[in-house]
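A short worksheet on the structure shown next.
The values are calculated or read from the model by the stated rules, or taken from the named source; none is laboratory data. On a predicted model such as this, the values are computed, not experimentally measured, just so you know. Methodologically, a virtual Cβ is constructed for each residue, glycine included, from the backbone with ideal geometry; neighbour enumeration extends over all protein chains shown.
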Amino acid sequence: MKKAVVLVSGGLDSATALAVARTAGYACHALSLDYGQRHRVELDAARAVSHQLGAAEHRIMRLDMGPMAGSALTDDRVAVPVGGPAEGIPVTYVPARNTIMLALALGWAEVLDAEAIYIGVNAVDYSGYPDCRPAFVQAFQTLANLATKRGVEGHPIRLETPLIHLSKAEIIRLGMELGVDYSQTVSCYQADAEGRACGYCDSCRLRRLGFQELGVPDPTRYFL
């Protein structure tokens, strides 16, 4: 059976990307990163989602990015913004996070002799993060082709981004069609220990709007 490494954060987008990979016929090896994030309950969600969607295995790799201060997701001294979209790159951007995660996924894909890596990046509702854009994806694919044994031997590992041009509502519709249980996912930047969301951060706002636009009940649990 063909194999794929799927980056699973525990959020809505990565759960949908995992469902897409499974539907495409891959044995999915789910990879989550414990990088010192404040909202660590997402790792429990990643484990639950991987099990619910039938991943062949789920691994959590520990990589402490906490010392990279300045991101609201890794530094307790930086407040998570709740006032709506701001100009420029928000403080919830974690420096080079997707680059690092994809590099680790690429290494594991080589070990597994996997054909693809799936990541749920999105260039529509993406909060302005530079490492969610198509140009970044294309550049990393070029790197993967040059930097791996499979790539130089003519069997490159494909970087699959099935959600990159979809709105949040379109992502939710797709996931529901593929059997994703969104009640198990955690998207909030400051979720509590029980996985309940604040409802006000940028990620919560985009998620809530997606369910509203689709006209379906929002299964998210909120603490505020």
Test of understanding: among 172, 157, which residue is without any contact (Cβ under 8 Å) to a residue 60 or more places away in the chain, touching an Asp or Glu at 6+ places or on another chain (Cβ under 9 Å) and of a type in the set (A, V, I, L, M, F, W, C)? 157
Residue among 120, 88, 107, 54 that is out of contact with any Pro (no Cβ under 7 Å at 6 or more places or on another chain) and either crowded, with 19+ Cβ neighbours inside 10 Å or among the basic types (Lys, Arg) (or both): 120
Output the qualifying pairs, or none if there are none: Cβ atoms under 7 angstrom, residues six or more apart or on different chains, first residue in region 84-104 and outside any helix (DSSP H, G or I), second residue modelled with pLDDT of 90 or more and of a type in the set (Phe, Trp, Tyr). 92/189
Look at residue 36 and say whether it is in a loop (DSSP other than H, G, I, E, B) and within 21 Å of residue 177 (Cβ to Cβ). no
Could you list, in sequence order, the residues of region 177-218 that are in contact with a Phe, Trp or Tyr (Cβ under 9 Å, 6 or more places away or on another chain), buried (at least 22 other Cβ atoms within 10 Å of the Cβ) and outside any helix (DSSP H, G or I)? 188, 191, 197, 201
Yes/no for residue 4 being over 14 Å from the mean Cα position of the chain (by Cα), assigned to a strand (DSSP E or B) and surrounded by 21 or more Cβ atoms within 10 Å (Cβ to Cβ): yes
